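First comes the structure, then the notes that go with it.
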Amino acid sequence: MNRPAPQSVMVIGAGFAGLAAALRLARAGVQVTVLDRLERPGGKAALGWPDFSSGPTVVTMPQVFRGLHQRLELPEPQLTPARPTTTYHYAGKLAGRTFAPEALAVAGNLDSTLAQLSRQDARRYARLLGLSHRMYRDAASTFIFAPPPSRAKLARYALTKGTRAFPWMSLSQLVRSGPLLTPFWLRFATYLGANPYKAPAVLHNIAWVELGLGVWHLGEGEQAGLGALAQTLAAEAEALGVRFEYGVTVKHLIRSGNRIMGAHTDQGAFSAQGWVSAVDRSLTASWLGHPPDPTPRGVSGFALQLRLDRDLGRSHHLFFPADYHQEWRDIASVQLPSDPALYLHLDGQRAFVLINTPPNPGVVPDPYAYGAALIAKLQARFAEKYRPLPITSWLPIDPALYALTAERGALYGQAPHGLIGSLRPGWHHHGARNLVQVGGTVHPGGGVPLSMLSGWNGAGQLIGLPYDDLGGQESGPL
Ligand SMILES: Cc1cc2nc3c(=O)[nH]c(=O)nc-3n(C[C@H](O)[C@H](O)[C@H](O)COP(=O)(O)OP(=O)(O)OC[C@H]3O[C@@H](n4cnc5c(N)ncnc54)[C@H](O)[C@@H]3O)c2cc1C
């Protein structure tokens, strides 16, 4: 016999997944409390200085952001396309070379992108973009804009489209295309926390999200960025009656039979009829007493928030090292890369720098010393093409800080290595029938739009609402 839907739900985690879950539940009339160990909403976006995002900078799948705003009857979000998506700067034998592709949906055609490439590279680019488009289209209705796939659905995908995802190939075999383009295509796998040299070919579909559908800036001025979006969503939830309890760390879940009755926290016990866990999946599993997940963790990160004394506009840059493969050999041997790729996001008088690190909270013993060394490296690379960045102050965010929101600081949970590793876990834990697991470590995957989709729909499932792709399948030129 089906139990009635819970009247009261505790959401653990006020990141984008927890916020989306709380909003869907509150709109359905459920009494919702959100617990979070941090002091403000946003999860990975909420560390460090409060007027910056400390994690996500780039908006992809803009239709999901529009869809969520529509469902919540909020004004349409202000989304401006990034042109180019990113400027890639090369080193070593290609020192001084840049490549600045435009997204197909934004530019309307590939002319400006292909004009920057030799005839051979232009052919390779068009072929690999076409391949990523087909792989994305094939994956969308099973792995992205749908509930976690059943075995039957997986089998149907494998029979009808499986071979088109090159299941026998690694990503590095699939995208081998010369010194300029190979690292460029490989890097998209890091968006799911993968070491690109261990990723399966199927992750090539991620490239279409950026190069086909585009990269977008959100909001303007003080209200710009994903940190501000988290505040807007939390304010909307509060207006709908959601109660937020910040500074509360959950330690353990209290179970009776197959049901969760309460949570022990450092601020006492909380009880509810239904539960949404929007924290790292492996953390929830440990609260339930399940054995530790043996799957390797994906990458962590070391970031810098920089204040600038001039407005440098909005753009994204990626500075490749001379040897991209060596960076990933270092990370695989649990060391800080000696010469990492540097990602730089400029947003007016704010800048954000990120490098990939191994998932080890102790890997940066002195974040300020390491941060200073990275800034010196960045300034040297930036000044090759522009003037040095006018930095007035800066703050490091190291893997130990990211470990507050993610087990061992692994930003996307399990590493998507190999075909099985790239399948995201579903929304349930064994022995916890009134709990759903949502967020960037489970289906459909990491990144803000996918985390919001899982929060919105995992919570929907808990109270018997139908799946809602938030307009995700209406994604422009599919
Ligand atoms: C540096 C960086 C750059 C990124 N760039 C992008 C990007 O450009 N675009 C993009 O779309 N995505 C990006 N991402 C990924 C994106 O930020 C995440 O996938 C997404 O924010 C995950 O949201 P979430 O709600 O699932 O998890 P989280 O944001 O991790 O939220 C989990 C929440 O649970 C809370 N919590 C954890 N443990 C406990 C506990 N014991 N008790 C109580 N509360 C607890 C945490 O405090 C946190 O608030 C980036 C991430 C990082 C770190």
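The values are calculated or read from the model by the stated rules, or taken from the named source; none is laboratory data. All values derive from a computational prediction rather than experimental measurement. Every residue, glycine as well, gets a Cβ built from its backbone with ideal geometry; the counts of neighbours run over all protein chains shown.
On the given criteria, is residue 285 within 28 Å of residue 94 (Cβ to Cβ) and not β-branched (Val, Ile, Thr)? So residue 285 does not fit the description; no. Selection of first residues in region 1-25 that are in contact (Cβ under 8 Å) with a residue 12 or more places away in the chain and of second residues that are part of a helix (DSSP H, G or I) and not small (Gly, Ala, Ser), restricted to Cβ pairs under 6 Å at least 6 apart or on distinct chains, gives the following pairs, ordered by first then second residue: 9/25; 16/448; 16/452; 19/233; 20/452; 20/456; 24/456.
Of all residues in region 1-41, which are hydrophobic (A, V, I, L, M, F, W, C), modelled with pLDDT of 95 or more and not in a helix (DSSP H, G or I)?
9, 10, 11, 12, 14, 28, 30, 32, 34, 35, 38
Within region 55-81, the residues that satisfy the criterion of being within 11 Å of the ligand (Cβ to nearest atom) and either over 21 Å from residue 313 (Cβ atoms) or in contact with a Ser or Thr (Cβ under 7 Å, 6 or more places away or on another chain) (or both) are 55, 61, 64, 65.
A count restricted to region 279-333 and to residues that are assigned to a helix (DSSP H, G or I) and away from the ligand (no atom under 16 Å from the Cβ) stands at 8. Kindly check whether there is at least one residue in region 83-102 that is within 16 Å of the ligand (Cβ to nearest atom), modelled with pLDDT of 95 or more, of a type in the set (A, V, I, L, M) and in a loop (DSSP other than H, G, I, E, B). Looking for residues that are within 16 Å of the ligand (Cβ to nearest atom), modelled with pLDDT of 95 or more, of a type in the set (A, V, I, L, M) and in a loop (DSSP other than H, G, I, E, B), one finds none in region 83-102, hence no. Taken across region 13-32, residues that are of a type outside the set (Ser, Thr, Tyr), buried (at least 24 other Cβ atoms within 10 Å of the Cβ), near the ligand (Cβ under 6 Å from one of its atoms) and farther than 27 Å from residue 213 by Cβ do occur, with at least one present.
Quick one: in region 226-251, which of the residues that are within 10 Å of the ligand (Cβ to nearest atom) and of a type outside the set (D, E, K, R) is nearest to residue 57 (Cα to Cα)? Ranking the qualifying residues of region 226-251, first place goes to 226.
The criterion of at least 1 residues that are within 24 Å of residue 336 (Cβ to Cβ) is met by the following helices (runs of 4 or more DSSP H) wholly inside region 346-465: 367-383, 399-402, 418-421. When region 338-353 is filtered for residues that are within 10 Å of the ligand (Cβ to nearest atom) and in contact (Cβ under 8 Å) with a residue 60 or more places away in the chain, the ones remaining, listed by number, are 345, 352. Looking only at residues in region 422-478 that are within 16 Å of the ligand (Cβ to nearest atom), closer than 19 Å to residue 288 by Cα and polar (S, T, N, Q), the one that is surrounded by the most Cβ atoms within 10 Å (Cβ to Cβ) is 441.
If you go through region 124-183, how many residues are hydroxyl-bearing (Ser, Thr, Tyr), surrounded by fewer than 16 Cβ atoms within 10 Å (Cβ to Cβ) and closer than 30 Å to residue 329 by Cα? Going through region 124-183 one residue at a time, the tally reaches 1.
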